[in-house]
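Just so it is clear, none of the values below were taken in a lab; they were calculated from the coordinates. It should be emphasised that the depicted structure is a prediction, and the values quoted were computed from it without experimental measurement. So basically every Cβ, Gly included, is an ideal-geometry build from the backbone, and we count neighbours across all protein chains shown.
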Amino acid sequence: MSTKTTTGKINVQTENIFPIIKKFLYSDNEIFLRELVSNATDATQKLKALTSMGEAKGELGDLKIEVVIDKDAKTITIKDKGLGMTKDEIEKYITQIAFSGAEEFVQKYQDKVDKNVVIGHFGLGFYSAFMVAQKVEIFSLSYKEGSKAVRWECDGSPEYQIEEIDSKTERGTNIVLHVAEDSLEFLETQKIEGLLKKYCKFLPVEIVFGTKKEWIPNGEKDEKGIEKETEIDVENIINNPNPAWIRKPIDLKDEDYKAFYRELYPMQFEEPLFHIHLNVDYPFNLTGILYFPKLSNKFEAPKDRIQLYSNQVFVTDNVENIVPDFLTMLRGVIDSPDIPLNVSRSYLQADSNVKKISAHITKKVADKLDELFKKDRPDFETKWDDIKIFVQYGLISDEKFYEKASKFTLLKNTEGKAFTFDEYDAHVKANQTDKDNKLVFLYATNVDEQHTYIDAAKSRGYDVLLMDSPLDAHLINSLESKLTNTQFVRVDSDTVEKLIKKDDGQVSKLTEDEQTKLKPVIEGVVAKEKYSVQFESLSETDSPMLITRPEFMRRMKDMQAMGGGGGMNFYGSMPDMYNLVVNSNHPLISKILAETDATKQSQLAKQAADLALLAQGLLKGEELTKFVKRSVEMIN
């Protein structure tokens, strides 16, 4: 039996709000399920709060939220056993768009209840239902004594109908969506389950969606004495209402953090290196857990991203430009009620609370790394190669992070020994300060390919860093602008005498006339457009010829290859250029000069030049084949 039906018009400032909701408020129609289940969660959480304060009487009972699909009727129903609504409350909260019931609840009970138990802050979420529904019904019975059940109906126009009914006898609210013809995909079980797991996986109230099969012991045993099991249907609980990040760190063990990581990323089989548990209540609310995955030496877009939540409601996993770029290399969860739920990404990026949260996370990450470094440096060093890319990206891109991270950032030399910036400064200062009192950090990018140059540098007592990260070209440029009077020089960028310019230099055994006479012979055996021939006075024990690559040009090309942008594109388009350095003090060079047979002279020069190319991996294809044949002939 029902009473007289009342009609009315939804109180909005425009003739039809629904096209605006569809076009501007929500960018993705799947959001409707998040909004409606969040509203049901709010209603349930409010009832819990009022009961704990003694303002709601009676037993709470089973408070699970249920989502039901009826394909035949083309409906989706979201059922809760929360507060429910009276006719007046439906008129007030549903028909006055943008009047937020959640907001009013917090205002009224701000001194008695944690505002973070209430998810909604806008009051517009309910109307996202019309993104997929041609008609929406509400069946609701308030918790208040003597309340009458109410049915409300709207077909997407500003007109609605509302009536009291007798058919609903259980406290709470059922939202029934009559799905539109262009949205029938949302009647598929797999689709709805996927959306619930995406957006509602960690909501604080259990959500039931259908049933699932489970095997339980039935009390009988087979002939081998093994207990038999029976298959039964049980409620399919979609979510984990008590995720690790909302619990206190003191209540969690390392295995709990690892289990939660596997829950977040079920397809990620490698364990994280360590985690950071965020728990802040001033000047903003923030909880979360961030994990450091093994990044090794790769710089690539993250596959498993940080997930952003607002009061356990999923917001996005596309956090670029919301948190600093280098933090996107981490995994985990960030949750804050101060993060707006129903807004665009551009709004999130500009939001002052989001910016404060971002800065705080940066600080917490730096503090955690500093703590690990100080607490157990040997262990930190073993993890360094797996987190190096992350730290380097932070050093380059975030000034605040650099201020803290510069104390624990490590440099490793070619022998695998690790130093902080200050330690390395002290380690090489005595021997690697040039004549202009500038400290020179020598480095290699590949120990095998640059072995000849590393060996030559070590023979002078120099130390050589290994800088083989794809970000090192950018990092070196950044560090040269920050470290006092320090220069980075790649070990193969010049002859060993010139890597660190000292006052003492070798005297050439060749006169300028002899060098002028020999130069065209050398130029005749290499490609002039690629190799610039120059003479240097090196030690007799050094190689007769060396290939070097000018530091500036090579570094610019490396940076451009990693996405340096701007003017560096100019360098990226230029051809590779190398110096062919002729050691004027080596006996073989004197022998080439003295050779009177032009063919033999050219052959000797070619052999020496090819040896230099071979040492740098630049002798390939036909030229390498010719070199091998020539070498055999010369031995015979």
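Charges at C-beta only: +1 for Lys and Arg, -1 for Asp and Glu. How large is the resulting dipole of the chain about its Cα centre, in Debye rounded to 20?
860
For the stretch 236-325, with only Lys/Arg (+1) and Asp/Glu (-1) charged at the beta-carbon, what is the dipole magnitude about the Cα centre, in debye rounded to 20?
Numbers: 9 positive and 13 negative charges, 15 e Å.
Roughly 80 debye, rounded to the nearest 20.
Distance from a point 7 Å along Cα→Cβ of residue 386 to each backbone N in the stretch 252-294: keep the residues under 16 Å and list them by number.
254-255, 257-259, 261-262, 268-276, 290-294
Taking the Cα centre as origin and putting +1 on Lys and Arg beta-carbons and -1 on Asp and Glu beta-carbons, what dipole magnitude results for the stretch 244-386, to the nearest 20 debye?
With Lys and Arg at +1 and Asp and Glu at -1, about 200 debye.
Suppose the chain between residue 431 and residue 184 were pulled fully straight at 0.36 nm per residue; how much longer would it get relative to their current alpha carbon spacing?
Between residue 431 and residue 184, full extension yields an extra 81.4 nm.
Please compute the length gained on full extension between residue 155 and residue 233, using 0.36 nm multiplied by the number of residues separating them and subtracting their Cα-Cα distance.
24.4 nm
In Å, what Rg and Dmax follow from the Cα atoms of the chain?
Rg and Dmax of the chain, Cα atoms, are 35.7, 120 Å.
Please find the FRET efficiency linking residue 55 to residue 379, where r is the Cβ-Cβ separation and R0 is fixed at 56 Å, and quote it to the nearest 0.05. Mind showing how you got there, number by number?
On the way: r = 53 Å, r/R0 = 0.95.
The value I calculate is 0.60.
Which FRET efficiency, nearest 0.05, do residue 222 and residue 169 yield, Cβ-Cβ r, R0 45 Å?
Details: r = 47 Å, r/R0 = 1.04.
For residue 222 and residue 169, the calculated efficiency is 0.45.
Full extension from residue 352 to residue 268: what is 0.36 nm times the residue separation minus their Cα-Cα distance, to one decimal in nm?
Residue separation times 0.36 nm, minus the Cα-Cα distance, leaves 26.9 nm.
When 246, 592, 334 are ordered from fewest to most other Cβ atoms inside 10 Å of their Cβ, what list results?
246, 592, 334
In the chain, what percentage of the DSSP-assigned beta bridges are antiparallel, given to the nearest 5?
On the way: 67 of 88 bridges.
Once the DSSP bridges in the chain are tallied, antiparallel ones form about 75 percent.
Sort 80, 351, 325, 281 by Cβ crowding within 10 Å, fewest neighbours at the top.
281, 325, 351, 80
Just list whichever of 197/374; 509/530; 294/355; 388/528; 87/191; 412/606 have alpha carbons separated by over 31 Å in the model shown. List each step's numbers first, then the result.
Numbers: 197/374 40 Å; 509/530 27 Å; 294/355 27 Å; 388/528 40 Å; 87/191 33 Å; 412/606 37 Å.
Checking Cα-Cα distances, 197/374; 388/528; 87/191; 412/606 exceed 31 Å.
According to the Kirkwood expression over distinct Cα-Cα pairs, how big is the hydrodynamic radius of the stretch 379-453, in Å?
Final number for the Kirkwood radius of the stretch 379-453 is 14.0 Å.
Could you calculate the FRET efficiency of residue 629 with residue 508 from 1/(1 + (r/R0)^6), where r is the beta carbon distance between them and R0 is 25 Å, rounded to 0.05?
0.15
Rounded to the nearest 5, what % of the DSSP beta bridges within the stretch 244-386 are antiparallel ones?
Of the beta bridges lying entirely in the stretch 244-386, close to 75 percent run antiparallel.
Projected onto the charge dipole of the chain (+1 at Lys/Arg Cβ, -1 at Asp/Glu Cβ, origin at the Cα centre), which of 127, 515, 578 gives the Cα projection farthest towards the positive end?
The residue sitting farthest along the positive end of the dipole is 515.
Going by C-beta contacts inside 10 Å, put 465, 83 in order with the fewest on the left.
Final ranking by Cβ density, sparse to dense: 465, 83.
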